[in-house]
Amino acid sequence: MDDAEKERKDRNGGRGRPKRLTRQAIVRAAAGISPEDFSLLKLAEILGVSSQSLYHYFPSKEAISKAIALEIAADVPVPSSDLGWREYIRQTFVLYRKWLLENQFPIARSMPPSRLSLFRAGSDRSEVILQRLDSFVAVLRRDGFNADQAVNIWSLLTNFIRRSDLHRATQEDFNAAWGELIADIGESEEGQFPELRGLEKGPVPDFEQFYGEVLEIYLDGISARYGIK
């Protein structure tokens, strides 16, 4: 059997681990599949291998999901700890948004958590997450928060990051959402929603400015709650 024939056999269900397949290649391919389309068969098709060959690397679909979470934890950039607390948190969101827009990871962005996971990557212990949390607490403690307050803010931050569509939205997405709002207002009876009527005449807001304002509201809330500027 020549090498080309052996490779074809591996791709089409032959026994043995395909030489060109790696754990990282599997994770990257899996992260690029939308949650509604994800299956081991779909993943194998994208990779050009048999679904059985994936089990050499991961025992289940759940194991691949955990690996995606660990990959993200290691890959998302971290702001400099020299920044003040406000800019540190602001840059945490800005860098995460930039990473999301540059990396096509729909399954990672959209997959709902199966359990409360504030301090782990998925359900697994992660040195990366622990180091990031430790640095986060150090920055906030340096600037006047106590450790409990810092962990509270971390929990709020991680939930906002995981559950908000804003971080991965583009101007085009925002234009569509704004258009739906204007259409809904227009279909309402005359006299309804008088405060919203004025929006019909104005332009669509710039999304980057809109996103920045949302972050400032978030940061102002933290500052007001704990009395730290």
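Observations
- Pick from the stretch 34-51, criterion part of a helix (DSSP H, G or I) and of a type outside the set (D, E, K, R), ranking: farthest from Leu21 (Cα to Cα): Pro35
- When Ile161, Ile217 are checked against the criterion of being at pLDDT below 95, in the same structural domain as Trp85 (by TED's automatic domain parsing) and part of a helix (DSSP H, G or I), Ile161 stands alone in meeting it.
- Single condition Asp82 does not satisfy, out of (1) in contact with a Leu (Cβ under 7 Å, 6 or more places away or on another chain); (2) not in a helix (DSSP H, G or I): (1)
- Taking the stretch 64-89 as the range and being farther than 18 Å from Asn103 by Cβ and aliphatic (A, V, I, L, M) as the test, the residues that pass are Leu83, Ile89.
- Complete set of residues in the stretch 167-202 that are within 30 Å of Asn103 (Cα to Cα) and assigned to a loop (DSSP other than H, G, I, E, B): Ala169, Thr170
- The single residue among Gln209, Gln149 that is modelled with pLDDT of 95 or more, in a helix (DSSP H, G or I) and surrounded by 17 or more Cβ atoms within 10 Å (Cβ to Cβ) turns out to be Gln149.
- Pair list, Cβ < 7 Å and 6+ apart or interchain, from the stretch 88-100 residues that are of a type in the set (Asp, Glu) to residues that are in a helix (DSSP H, G or I) and crowded, with 18+ Cβ neighbours inside 10 Å: none
- The condition of being touching a residue at least 40 places away in the same chain (Cβ under 8 Å) and either in contact with a Ser or Thr (Cβ under 7 Å, 6 or more places away or on another chain) or of a type in the set (Gly, Ala, Ser) (or both) does not hold for Gly48.
The values are calculated or read from the model by the stated rules, or taken from the named source; none is laboratory data. Just so we're clear, the structure is a prediction, and the values are computed from it rather than from any experiment. Reconstructed Cβ throughout: ideal geometry from the backbone, glycine too, with neighbour counts over all protein chains shown.
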